[in-house]
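Heads up: the structure comes next, in structure tokens.
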Amino acid sequence: RSAERLYAVHPGYVATGVLSARTLLPFARHDDASTVAFYQRLSERAAALPGVDAVGLALHVPLSPGSALTQRFRVELGAEEQELPVQVADAGYFQTLQIPLLAGRSFAPLSQQASTELILSESAARTLLGSRTPADAVGRWLPAAAPGPRYRVIGVVADVREWDLATPPVATVYRPQAVPGDPAREPGAQHALSLLLRSELPLD
């Protein structure tokens, strides 16, 4: 009965018809800019394959093993700081896994320029900004832990069960794959990402 209850839990995304492949670039040969450029080319070439309907990139594939990247942010209306898991993703990630965009917009295409844009899960918008509705969070500025940079919230997506079906979704911050504007205080471009392909063609 426990397994049956877990099977009935909606994880917040749709994995049917999605194929994933993990990649890892050598650190010695790729700096932040060349890493972003590689994944930009990889995404474009994958999207051009026959039968591919959507392509996304992500640091962590939901419900797969691994550890979370984290970052500290200052909570709205106070000096309190909170550390939350960070998912590095591109614009196609949400479309590929059919994660609903509740308010705002998704990321721009991959660029080697630094980015100050973030997307929050619905739970993260409540935790960090006290937002009553997803639309309340869009356009607001979210400061990282002092003396870090500030980020602009451009969108809010539905909660996803990243790690476990048996527990509630964890508040998550989504960052684009980009060259860091402040390398000492924010994550750099990720050398290991998963490529996600959605297709109606048989995946076997």
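Annotations
- The residues in the range 1-18 that are aliphatic (A, V, I, L, M) and not in a loop (DSSP other than H, G, I, E, B) can be counted, and the count is 3.
- In this entry, Val160 passes the filter for residues that are at pLDDT 90 or above, among the aliphatic types (A, V, I, L, M) and assigned to a loop (DSSP other than H, G, I, E, B).
- Qualifying residues in the range 179-204 (those that are in a loop (DSSP other than H, G, I, E, B), in contact with an Asp or Glu (Cβ under 8 Å, 6 or more places away or on another chain) and of a type in the set (Gly, Ala, Ser)) - the one least open to solvent (accessible area, probe 1.4 Å): Ala189
- Scanning the range 48-62 for residues that are more than 22 Å from Tyr174 (Cα to Cα), outside any strand (DSSP E or B) and open to solvent by less than 60 Å² (accessible area, probe 1.4 Å) yields a single hit, Gly51.
- Test result for Ser131, in contact (Cβ under 8 Å) with a residue 12 or more places away in the chain and within 28 Å of Ser64 (Cα to Cα): no
- Check on Leu110, touching a residue at least 12 places away in the same chain (Cβ under 8 Å), open to solvent by 50 Å² or more (accessible area, probe 1.4 Å) and within 15 Å of the chain's Cα centre (by Cα): no
- Some residue of the range 140-152 being aliphatic (A, V, I, L, M), modelled with pLDDT of 95 or more and either farther than 19 Å from His60 by Cα or open to solvent by 50 Å² or more (accessible area, probe 1.4 Å) (or both): no
- Close pairs from the range 41-55: first of a type in the set (Gly, Ala, Ser), partner open to solvent by 90 Å² or more (accessible area, probe 1.4 Å), Cβ under 7 Å, at least 6 apart: Gly51/Leu201; Ala54/Gln95
- Residue in the range 19-33 that is part of a helix (DSSP H, G or I) and not polar (S, T, N, Q) present: yes
- Only residues that are open to solvent by 20 Å² or more (accessible area, probe 1.4 Å) and in a loop (DSSP other than H, G, I, E, B) were counted across the range 163-178, and they come to 8.
- Contacts under 9 angstrom Cβ, first residue in the range 1-22 being free of Cβ contacts under 8 Å to residues at least 24 places away in the same chain, partner open to solvent by less than 100 Å² (accessible area, probe 1.4 Å) and of a type in the set (Gly, Ala, Ser), 6 or more apart: Ser2/Ala166; Arg5/Ala166
- Search result, residues across the range 142-152 that are touching a Ser or Thr at 6+ places or on another chain (Cβ under 9 Å) and not in a loop (DSSP other than H, G, I, E, B): Arg150, Tyr151, Arg152
- Selection of the range 63-99 for residues being in a loop (DSSP other than H, G, I, E, B), open to solvent by 60 Å² or more (accessible area, probe 1.4 Å) and touching a residue at least 24 places away in the same chain (Cβ under 8 Å) yields Leu63, Glu76, Leu77, Gln98.
The values are calculated or read from the model by the stated rules, or taken from the named source; none is laboratory data. What you see is a predicted model; the values in this text were computed from it and never measured. Neighbour counts run over all protein chains shown; Cβ positions are idealised from the backbone, glycine included. We work out accessible area using only protein heavy atoms, side chains counted, and drop any ligands, DNA or RNA first. Shrake-Rupley method; radii C 1.70, N 1.55, O 1.52, S 1.80 Å.
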